Every structure is written in C-alpha cells, then in structure tokens.
Amino acid sequence: MGSNGGGLCTDATTTIRNSTFSANQADFGGNIMYDSGDLTISFSTIVNGRAHSGGAIYSDPTMGMCGIVLGSTVITNNSPIVTNKDPLGYAGLLCLVSSGHNLIDNAAGTYDWTTTDQIGVSPHLKALRNNGGTTLTYALQADSPAIGTGGSTCPITDQRGFVRKHPCDAGAYEMSSTVYAPTVTPDAIENSF
C-alpha cells in the first residue's frame with residue numbers, strides 16, 4: 001500500500017455519477033480519499049476497497065474535510081485492515097450527508113442517514129464483469145434490495161448507457177435491457193461534422 005485513495009484521491013470539488021469503484025487499496029481510502037472541496041457521489045457502486053482506514057471512502061473531519069454528499073449509491077464489502085475501524089472511514093455526522101436511497105452493508109460510524117437509506121443490508125450483487133457498455137459493472141441479482149430503490153430523480157442511463165426506469169435502481173447498474181439511443185433528426189446529421 002503506501003498511498004491514499006486507491007481509486008481516487010480528490011482535493012477539489014468533484015462529482016461522481018454512474019461509476020464503479022472496485023478492489024482498490026491504499027493506506028487511507030481504499031477506493032476513495034476525500035481531501036477537500038465538495039464531493040458528491042450518486043448512482044455509483046463502491047465495492048471491495050481495502051485500507052488501514054476507510055475501505056470505501058475516507059475523510060478526516062479533524063482536518064476540516066466535511067463536504068461529502070452521498071445518494072442512490074451502493075457501498076458493500078469494503079473492509080479496513082485495522083480491526084474495529086469503520087469501512088467508510090472517519091466521515092462523521094457533519095462530513096457525510098445522505099441525499100437518500102443509499103444501500104450500505106456496513107456503516108459502523110454515525111452518519112446522517114435518511115428514511116430511504118438501507119443500512120446493514122446486502123445489495124446481492126453478481127460478480128464484476130462486462131454486462132454491456134465499455135466498462136465492467138456489478139449486475140444486480142434478481143432479489144437485490146437495490147432494485148427500484150434509487151429514487152425517482154434519476155439520470156437517463158446507467159454506467160453502461162442502458163436506460164434507467166423510474167423509480168430507478170440504486171448504484172451504477174440498472175436492471176434494464178434497453179440501450180439508450182438518442183433521437184437524432186436528419187437536419188442534425190446533415191449539419192454535424
């Protein structure tokens with residue numbers, strides 16, 4: 001290890017949407033290290049991060065790093081290497097604010113969850129693989145509690161470019177079989193080079 005933010009280390013205002021972070025390692029923030037600015041994570045899946053602290057996301061409120069907003073995101077199977085540490089890191093009540101519809105299997109710390117968040121629940125994900133699109137994703141199993149619990153304010157597509165239904169699924173993957181194809185008028189094609 002010997003680094004921070006195995007998947008992403010951010011010290012500026014950052015928005016993450018329709019993204020998968022998987023199997024990253026670092027000293028702090030196995031998948032994501034939040035350093036400063038505002039960090040908004042929505043419709044993303046954060047899995048299998050390993051770190052001394054904060055396998056999924058790490059921030060340290062004692063350093064004034066308190067601007068994380070999390071919504072419609074699945075966080076599962078992240079583990080700190082140090083026993084009895086929170087898999088999310090030190091992101092405390094004032095640092096992590098939920099915009100709802102998250103599914104978190106293990107959140108040992110005190111956070112500002114909403115009534116639409118599912119805490120202590122397994123998302124029932126399939127293995128990381130090519131499920132269509134240009135990047136690897138974790139498909140949802142048929143019995144996943146993430147299905148239909150991502151809320152009604154959803155991006156048009158998921159990470160793969162597949163259309164999201166409403167209410168949509170939490171996380172980066174939508175249980176859908178339709179690839180998004182925007183409508184293009186003939187004039188737009190003739191005038192585009």
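The values are calculated or read from the model by the stated rules, or taken from the named source; none is laboratory data. These numbers come from a predicted model, not from an experiment. Using ideal geometry, Cβ is built from the backbone for each residue, glycine included, and neighbour counts are taken over all protein chains shown.
The figures follow:
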| read-out | value |
| --- | --- |
| Flag if THR114 is without any contact (Cβ under 8 Å) to a residue 60 or more places away in the chain and surrounded by fewer than 19 Cβ atoms within 10 Å (Cβ to Cβ) | yes |
| Flag if PRO145 is outside any strand (DSSP E or B) and at pLDDT 85 or above | yes |
| Selection within region 29-48 - surrounded by 23 or more Cβ atoms within 10 Å (Cβ to Cβ) and more than 12 Å from the chain's Cα centre (by Cα) | GLY29, GLY30, MET33, TYR34 |
| Residue in region 64-85 that is surrounded by fewer than 24 Cβ atoms within 10 Å (Cβ to Cβ), part of a helix (DSSP H, G or I), at pLDDT below 90 and not β-branched (Val, Ile, Thr) present | no |
| Within region 6-27, tally of residues that are out of contact with any Lys or Arg (no Cβ under 9 Å at 6 or more places or on another chain) and crowded, with 24+ Cβ neighbours inside 10 Å | 1 |
| Residue list for region 24-63, restricted to those being hydrophobic (A, V, I, L, M, F, W, C) and either part of a strand (DSSP E or B) or in contact with a Pro (Cβ under 9 Å, 6 or more places away or on another chain) (or both) | ALA26, PHE28, ILE32, MET33, LEU39, ILE41, PHE43, ILE46, VAL47, ALA51, ALA56, ILE57 |
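Residue by residue, here is whether (1) under 15 Å from the mean Cα position of the chain (by Cα); (2) at pLDDT 95 or above; (3) over 16 Å from ARG17 (Cα atoms) holds:
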{"position": "LYS126", "(1), (2), (3)": "no, yes, yes"}
{"position": "PRO155", "(1), (2), (3)": "yes, yes, no"}
{"position": "SER177", "(1), (2), (3)": "no, no, yes"}
{"position": "THR183", "(1), (2), (3)": "no, no, yes"}
{"position": "SER192", "(1), (2), (3)": "no, no, yes"}
